[in-house]
Structures are given as structure tokens and as C-alpha cells.
Amino acid sequence: MYDKDENRAVFEKGELTLEIVKEKSPFMFPENRLKLAWLIRREGFYVRMHGYEYLVSHGGRFLCLILLQPMNRIVMIRVFNWIENSHRLVGRIIELIKSLDNVSEIVVY
């Protein structure tokens, strides 16, 4: 039996059972990745999507690179400072990501 409060395996009646229950990222499914690209475009950004990567630009300049790692529940965002107020613009994109995926950790660098 898995003790969720203690986050460990439990030895019971001569058997060791390990049940890892981890909420999955919605970005494991292609339809959710496409939906994210659509939402970003709707906000006025240009998006080039390739699998789990998004290259986002605004006003003809690169804004950020988004890398999804749904198996690890991580979203990495590399911000390019070529646009004034780029962090404010990326903040809008982060809100869109959070609206679809509330389990992944978002790392901005």
C-alpha cells in the first residue's frame, strides 16, 4: 500500500507495493499542445510550433522559446530580451499556459 501522506512505499503482510500516483500534464496530448499554440496566436503573437517546442515572436522579433516536458511536469521558457517589456509579454503567455496546465512547474530563464 502506498502512503500518500508519507510519500513512501508501505510494507504490509509480507508484500511491498509501490503505487506512484502523479497527476499528468495535459500537454502530453497533442490537442492540448495545439490549443496552446492557438491561444498564443489569439493574443497577437506569432507562433511556430514543432512537437513540444514553440518559438514565439512579437512585432517581428523573437520573444521567447517554450519547451514543454510533460513527462517531467516542467515548462521551460527562455526569454529573449530583444523586445522592450519582454517579461510583461511573456507574463501573458505564462497565464495562458497556467490556464491549460496547473500541475507543471514553470521555469523562466
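The values are calculated or read from the model by the stated rules, or taken from the named source; none is laboratory data. This structure is a prediction, so every number in the text was calculated from the model and none was measured. Methodologically, a virtual Cβ is constructed for each residue, glycine included, from the backbone with ideal geometry; neighbour enumeration extends over all protein chains shown.
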If we keep just the residues of the stretch 66-80 that are under 16 Å from R92 (Cβ atoms) and not in a loop (DSSP other than H, G, I, E, B), which is farthest from the chain's Cα centre (by Cα)? V79
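Within the group L16, L39, L34, which residue is in a strand (DSSP E or B) and either in contact with a helix residue (DSSP H, G or I) (Cβ under 7 Å, 6 or more places away or on another chain) or at pLDDT 55 or above (or both)?
L16
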Residue that is surrounded by the fewest Cβ atoms within 10 Å (Cβ to Cβ), among those in the stretch 81-102 that are among the hydrophobic types (A, V, I, L, M, F, W, C) and in a helix (DSSP H, G or I): L100
Of all residues in the stretch 44-65 being surrounded by 15 or more Cβ atoms within 10 Å (Cβ to Cβ) and part of a loop (DSSP other than H, G, I, E, B), which is nearest to the chain's Cα centre (by Cα)? Y52
